[in-house]
Amino acid sequence: MKSMPEHIKKFEQLMLVSQLISVINMLLNYKLFSDAFGKGFTMATFVVAIAITLTLVFFISRRQSNTAKWIFVVIWGLGFLPFVASLETYLSLGIIGILIIAPMILQIVAFCLLFSPQSKAWLKP
């Protein structure tokens, strides 16, 4: 088995760091989120989102799945549209907003790395 290219390693690292920041944000602001959306819904949505993200990252970086890459790109793109629409609100939230925006910036960089020639060569058609 050939070794994982640097861009795929960086993709994986950036996605894991982005998820860690999201977990920290949830832990610090759980009451705020659960008051707004309900405890069960907040926790279920968060756990499912993290699980889907980590699963897709695994299939992209470790199983070399081009299909997982495109599924992730589409899902992420659908989530990016409401993010952009709410950016002004996030910017007004101080540290909470930073903890929401930072993972998205890391994910943008991570996704750019997936389209490099070395990443394309790594992923199976």
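The values are calculated or read from the model by the stated rules, or taken from the named source; none is laboratory data. This structure is a prediction, so every number in the text was calculated from the model and none was measured. For neighbour counting, all protein chains shown are included, and Cβ atoms are generated from backbone atoms with ideal geometry for every residue, glycine included.
Couple of notes before you dig in:
- Residue check for ILE50: more than 14 Å from SER119 (Cβ to Cβ), β-branched (Val, Ile, Thr), surrounded by 17 or more Cβ atoms within 10 Å (Cβ to Cβ) and within 11 Å of the chain's Cα centre (by Cα): no
- In the range 109-123, the residues that are touching a Leu at 6+ places or on another chain (Cβ under 9 Å), part of a helix (DSSP H, G or I) and over 17 Å from ILE52 (Cβ atoms): VAL109, LEU113, SER119, LYS120
- Any hit, the range 10-19, residues being closer than 20 Å to GLY94 by Cα and surrounded by 18 or more Cβ atoms within 10 Å (Cβ to Cβ): yes
- The range 93-117 - residue that is over 17 Å from the mean Cα position of the chain (by Cα) and modelled with pLDDT of 95 or more and, of those, farthest from LEU16 (Cα to Cα): PRO117
- The set of residues in the range 53-97 that are among the charged types (D, E, K, R), part of a helix (DSSP H, G or I) and either surrounded by 11 or more Cβ atoms within 10 Å (Cβ to Cβ) or in contact (Cβ under 8 Å) with a residue 60 or more places away in the chain (or both) contains only LYS69.
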